[in-house]
Amino acid sequence: LVKLISGGSIVSAEAVWDHVTMADRELAFKAGDVIKVLDASNKDWWWGQIDDEEGWFPASFVRLWVNQEESTTVETVEGASPSPSEVQNGHAEASPSSSDCLCLGQTVQNRDQMRANVINEIMSTERHYIKHLKDICEGYFRQCKKRRDMFNDDQLRVIFGNIEDIYRFQMGFVRDLEKQYNTEEPHLSEIGPCFLEHQDGFWIYSEYCNNHVDACMELSRLMKDGRYQHFFEACRLVQQMIDIAIDGFLLTPVQKICKYPLQLAELLKYTVQEHSDYRYVAAALAVMRNVTQQINERKRRLENIDKIAQWQASVLDWEGDDILDRSTELVYTGEMSWIYQPYGRSQTRVFFLFDHQMVLCKKDLIRRDILYYKGRMDMDRYNLVDAVDGRDDDFNVSVKNAFKLSNKDSDEIHIFLAKKLEEKLRWLKAFHEERKMVQEDEKIGFEISEYQKRQAAMTVRRMTKQKGKFFVFSHRSVPPGYPPPMDPMNPGQYLVGDGMEQSEFEFPEPERCKSPFWQSFSRLTPFRK
């Protein structure tokens, strides 16, 4: 790669992850952006350009294009060895053979040759990925399970997640992929159907990806003890694994599931519509994009659970189970009048609609920013019924901008009256969104682990303990190999202090905001005015 750049060739890379800059001279980008690589002499941080902006970016956040094109010329490195960061990310786990890449400076012969190169890259990365998974399971996980004096069940579950399930799934996937691989004429291979046949299996990555941040935190904590450093290094040497730390190996499944849409998009690009695999590849691309989008959505929801736990802690007189026992998302919140049969007396309450349940709260008469818990409704047991303006037969009252929740198992009915029609319509939309979310969660088996619930509870206790003194913000993850090397344009001018991998910044508590906490909390809802 370095020779290619120094030779004046244009080298492009595609961003796999969003990169939020942490210091000057870093290049910010979003997943999918194309970056022109200007300097790759450092194995961890490369210098690149997007439009008119130049800066450092982590090599592990991007993947090199299989075919480096300039006009009709395809350029790639012939005989070059991959960098450690490329190995870690599964970009080029082994030195490419002549069949895996195109020669420099040659005019593209035809689309079939281009497709063959993409197919060969997919097959090559799959084979080496299986090797990585085997090394994790046999080299690390099984050795850790033997050392009960160093690891308990909870620690193993946090660090390795469902890695063995992923390994078994990938073994079956690769076997089917090999059957579809045409060794004589790779461009004729039909691999699209393999992705479609195994599409449900890819959902197991969701659990792993969303556990990965906790795994990194637990590993970072253990690595402060020299015994664990020596143990993990011994595991690597015994298994004859490449020189990458355990956290690098554990990152590969996260990066792999995000790489599939990129590979399939590139394959589709070089697959003519007349090819027997075209419609299958197009469908597979849509499926894998949906998988990655759902994984990202699940990650977003898990990042909100600390805020949900904080909100519950702020509600006085709480009774019953914690919100997080069943729910992970605040769908909508607002204040309405409410009549509950058979009492028939109108009351004003603040309602918080989560997935699976709706919590009812009452404002303090004097301190309107204080909420009291007044009950909840199990949304799985109710049907939503629209109410027509006018006299309501069930409650014998005149209603406007109203809707009902009817219990599926009894005669229990609740009627809600919004102040405006617009507000009623937003509530109806919110209830439909809540049911859709529940169905999708059931489809992919989404749930919060007990470990994650404990972590959220610990966060609340820590913030409660430090209330009035400090707010503490922890950086849970940073790019690898931080900081970047010196600026190649201004050597010696890019110096950043070490020790930022796990840092805490403390700020004095700001003055009390006039708006109540629950109003800030309501900003988590997906609906806006």
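The values are calculated or read from the model by the stated rules, or taken from the named source; none is laboratory data. Note that the structure is a prediction, hence the values are computed from the model and not measured. Every residue, glycine as well, gets a Cβ built from its backbone with ideal geometry; the counts of neighbours run over all protein chains shown. Heads up: the accessible areas ignore ligands, DNA and RNA and are worked out on the full protein's heavy atoms, side chains in. Shrake-Rupley method; radii C 1.70, N 1.55, O 1.52, S 1.80 Å.
Using a probe radius of 1.4 angstrom, the carbon and sulfur fraction of the accessible surface of the range 238-394 is 46%. Taking 7 Å steps out from each Cα toward its Cβ at Arg462 and Ile242 produces label points 3.4 nm apart.
Taking every alpha-carbon pair under 8 Å whose residues sit at least 6 apart, the range 324-393 reaches a relative contact order of 22 percent. Given the C-alpha centroids of the range 133-187 and the range 264-315, what is the distance between them in whole angstrom? Cα centroid of the range 133-187 versus Cα centroid of the range 264-315: 22 Å apart.
With a 1.4 Å probe and all protein chains kept in place, how do Asp393, Asp369 rank by accessible area, largest first?
Working: Asp393 145, Asp369 40 Å².
From most exposed to least exposed: Asp393, Asp369.
Solvent-accessible surface of the range 286-433, taken per residue with a 1.4 Å probe and all protein chains present: 50 Å². Counting only heavy atoms of the protein chains and using a 1.4 Å probe, Ile366 has close to 150 Å² of accessible surface.
Around the amide H of Trp46, modelled in the peptide plane, lie the amide H atoms of Phe57, Ala59, all under 5 Å away and 5 or more residues distant in sequence or on another chain.
Using C-alpha pairs under 8 Å with a sequence gap of at least 6, the mean separation divided by the residue count of the range 163-262 gives a relative contact order of 25 percent.
Using 0.36 nm times the number of residues separating Glu184 and Glu447, minus their current alpha carbon distance, what extension gain do you get? Walk me through the numbers before you get to the answer.
Details: separation 263, 0.36 × 263 = 94.68 nm, distance 4.56 nm.
Roughly 90.1 nm would be gained on extension.
Pairwise alpha-carbon distances in the range 130-229 exceed 18 Å for 58% of all pairs.
When peptides 238-244, 385-391 are sorted by average Cβ neighbour count within 10 Å, with the highest value leading, the order is 238-244, 385-391. To put it simply, the accessible area of the range 403-467 at a 1.4 Å probe is 50 percent carbon and sulfur.
Accessible area per residue for the range 179-261, computed on protein heavy atoms with a 1.4 Å probe, is 45 Å².
Quick one: which of Lys36/Lys269; Lys299/Lys404; Lys36/Lys134; Lys146/Lys224; Lys30/Lys131; Lys362/Lys419 span more than 23 angstrom between C-alpha atoms? As for pairs spanning more than 23 Å Cα to Cα, those are Lys299/Lys404; Lys36/Lys134; Lys30/Lys131.
In the frame of its principal axes, the range 390-441 has Cα extents of 38, 30, 10 Å, reported largest first.
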